[in-house]
Amino acid sequence: MIALWLDDEWERGASINRTIGAETARAFERHAARGSALETSEEFYARVVLDVANDLTAVDFRDAFVSAFETSNKLIEMLMLRAGTDVCCVGEDDITRADRYEAIALEET
């Protein structure tokens, strides 16, 4: 979903979007494995946003329009939306991204 967000916001189909998306997913999986993947506490989100941002500093963001921290923050925003948490300052694209991502994934299979 991170790659879809980058495609929506910046340059559709840019290879850096796929790289950032894949690296964000790997980093989240590593850090979420330390706690419950279904956990939705503020402490969980705060820990994961910082841990993932730290991991993403290894990614070359020069060709992207975002930073490691912005990407990690968007990840947490997406997780909160999927958990049904009311998230401030999101647009319709943010709210519908999970459904659009699922539809794209079904088309590719």
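Readers should treat all values here as calculations from the given coordinates under stated rules, not as data from a laboratory. Treat the numbers as computed from the prediction; the structure is a model and nothing was measured. Methodologically, a virtual Cβ is constructed for each residue, glycine included, from the backbone with ideal geometry; neighbour enumeration extends over all protein chains shown.
What single numbered condition from (1) small (Gly, Ala, Ser); (2) in contact with a helix residue (DSSP H, G or I) (Cβ under 6 Å, 6 or more places away or on another chain); (3) on the phi > 0 side of the Ramachandran plot fails to hold for Ala98?
(3) is the only condition that Ala98 fails.
Take the residues in region 61-75 that are assigned to a loop (DSSP other than H, G, I, E, B) and free of Cβ contacts under 8 Å to residues at least 24 places away in the same chain; name whichever of them is nearest to the chain's Cα centre (by Cα).
Initially, region 61-75 is screened for residues assigned to a loop (DSSP other than H, G, I, E, B), giving 61-67.
Applying the additional criterion that residues be free of Cβ contacts under 8 Å to residues at least 24 places away in the same chain yields 62, 67.
On the way: Arg62: 18, Ser67: 12 Å.
For region 61-75, the residue satisfying everything is Ser67.
Pairs needed: first member in region 76-94, touching a residue at least 40 places away in the same chain (Cβ under 8 Å) and exposed (fewer than 10 other Cβ atoms within 10 Å of the Cβ); second member anywhere, among the small types (Gly, Ala, Ser) and in a helix (DSSP H, G or I); C-beta distance under 7 Å; at least 6 residues apart or different chains.
none
Can you give me the number of residues within region 95-105 that are surrounded by 11 or more Cβ atoms within 10 Å (Cβ to Cβ) and closer than 12 Å to Met78 by Cα?
The number of residues fulfilling the criteria is 5.
Mind checking whether some residue in region 16-30 is surrounded by 18 or more Cβ atoms within 10 Å (Cβ to Cβ), under 17 Å from Met1 (Cβ atoms), of a type in the set (A, V, I, L, M, F, W, C) and more than 12 Å from the chain's Cα centre (by Cα)?
Yes; the residues of region 16-30 include at least one that is surrounded by 18 or more Cβ atoms within 10 Å (Cβ to Cβ), under 17 Å from Met1 (Cβ atoms), of a type in the set (A, V, I, L, M, F, W, C) and more than 12 Å from the chain's Cα centre (by Cα).
Those residues that are of a type in the set (Val, Ile, Thr) and either assigned to a helix (DSSP H, G or I) or under 18 Å from Ala46 (Cβ atoms) (or both), I need them from region 79-109; list them, please. Step through it out loud before you land on a result.
Within region 79-109, the subset of a type in the set (Val, Ile, Thr) is 85, 87, 90, 95-96, 104, 109.
Selection gives Thr85, Val87, Ile95, Thr96, Ile104.
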